1. Scan region 119-130 for residues that are surrounded by 15 or more Cβ atoms within 10 Å (Cβ to Cβ) and either hydroxyl-bearing (S, T, Y) or closer than 17 Å to R76 by Cα (or both) and jot them down.
2. Only one residue in E61, E49 is in contact (Cβ under 8 Å) with a residue 24 or more places away in the chain, touching a helix residue (DSSP H, G or I) at 6+ places or on another chain (Cβ under 7 Å) and of a type in the set (D, E), so which one is that?
3. Return the residues of region 142-174 that are hydroxyl-bearing (S, T, Y) and in contact (Cβ under 8 Å) with a residue 24 or more places away in the chain; say none if nothing qualifies.
4. Quick check on my filter: what residues within region 225-253 are surrounded by fewer than 17 Cβ atoms within 10 Å (Cβ to Cβ), out of contact with any Asp or Glu (no Cβ under 8 Å at 6 or more places or on another chain) and not in a loop (DSSP other than H, G, I, E, B)?
5. Step by step: first the residues of region 155-192, then only those that are in contact with a Lys or Arg (Cβ under 7 Å, 6 or more places away or on another chain) and within 24 Å of V140 (Cβ to Cβ), then the one that is surrounded by the most Cβ atoms within 10 Å (Cβ to Cβ). Which residue is that?
6. From the list E79, E131, E106, E112, which residue is part of a helix (DSSP H, G or I) and free of Cβ contacts under 8 Å to residues at least 12 places away in the same chain?
7. Going residue by residue through region 73-94, is there one that turns out to be under 30 Å from T234 (Cβ atoms), of a type in the set (D, E), touching a helix residue (DSSP H, G or I) at 6+ places or on another chain (Cβ under 7 Å) and modelled with pLDDT of 95 or more?
Amino acid sequence: MAELQETVALVTGASSGIGQATARTLAAQGASVALVARRADRLESLAGEIAAAGGTALPIEADVSEREQAEAAVGRAVEELGRLDVLVNNAGVMLLGPIAAAPVEEWEQMIEVNLLGLMYTARAALPHLSEAAERDPRRVADLINISSVAGRIARKGSGVYNATKFGVGAFSESLRQEVTRRHVRVSLVEPGAVATELQSHNRPEVREQIEQRFTDMDVLQAEDIAEAIAYVVTRPSHVAINEILIRPTEQEQ
């Protein structure tokens, strides 16, 4: 059932993992989808796949940690697709390791992508989401921020990543209170361990530790998170799902 027919969604970090799976899922629900990420070749491939399945997708190469690029991506999506009903702020990086030994550049990258990129994109999208919330077919709009279980529980070796994800939670709740009366729903989705490329960006010694932690665990798939996002955005207009925490069954923390 195409519950998002005649709507437009923008997904950041759409070139892989949760973003890619979410774009596919929302397109299958009937939304036209703007695909935003830095890897243009992957976006073109995904757009072709969605089009072949009968959907509409617009690939937009952009680095959302650069404010001008985030704003331009939102503007282009609205200009070419006509409106904006759903924003999924998914772009993020996870660079772990002890605080005392960490390269400061890794901290800066996480803050720039996980926090500032999310904030830039949200701010640029808000006027368009507010306008869509006053229009048919849904009379409501959705802004979904992808956080992590790391936004609830701090662990040694992930202090700055924790800080960015705790920040996403605080930003989301404050924004929710500002816009909920305008029928713009702000939702926080917090996955546990998911089989994506997120951990592959770490230094080799850190990556090995992560892999050891989850070796025997049946972790989540990107599609599991995409299904949760689809659930959030297809609720009736009077229902707001403010927060979803999703862990693999075997994950303790």
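1. Y120, T121, A122, A124, A125, L126, H128, L129, S130
2. Working: E49 fails: touching a helix residue (DSSP H, G or I) at 6+ places or on another chain (Cβ under 7 Å).
The unique qualifying residue is E61.
3. Start the filter on region 142-174 by keeping residues that are hydroxyl-bearing (S, T, Y), which leaves 147-148, 158, 161, 164, 172, 174.
If the condition is that a residue be hydroxyl-bearing (S, T, Y) and in contact (Cβ under 8 Å) with a residue 24 or more places away in the chain, then S147, S148, S158, Y161, T164, S172 are the ones that fit.
4. E227, Y231
5. Within region 155-192, the match that is surrounded by the most Cβ atoms within 10 Å (Cβ to Cβ) is V186.
6. On the way: E131 fails: free of Cβ contacts under 8 Å to residues at least 12 places away in the same chain; E106 fails: free of Cβ contacts under 8 Å to residues at least 12 places away in the same chain; E112 fails: free of Cβ contacts under 8 Å to residues at least 12 places away in the same chain.
Unique residue meeting the criteria: E79.
7. Residues of region 73-94 under 30 Å from T234 (Cβ atoms): 73-94.
Going one step further and asking which of them are of a type in the set (D, E), we end up with 79-80, 85.
So of that shortlist, the ones also touching a helix residue (DSSP H, G or I) at 6+ places or on another chain (Cβ under 7 Å) come out as 85.
In the following step, the residues that additionally are modelled with pLDDT of 95 or more were identified as 85.
Yes, region 73-94 contains at least one residue that is under 30 Å from T234 (Cβ atoms), of a type in the set (D, E), touching a helix residue (DSSP H, G or I) at 6+ places or on another chain (Cβ under 7 Å) and modelled with pLDDT of 95 or more.
The values are calculated or read from the model by the stated rules, or taken from the named source; none is laboratory data. Values in this document were obtained by computation on a predicted structure and should not be read as measured data. Cβ: placed from backbone, ideal geometry, glycine included. Neighbour counts: every protein chain shown.
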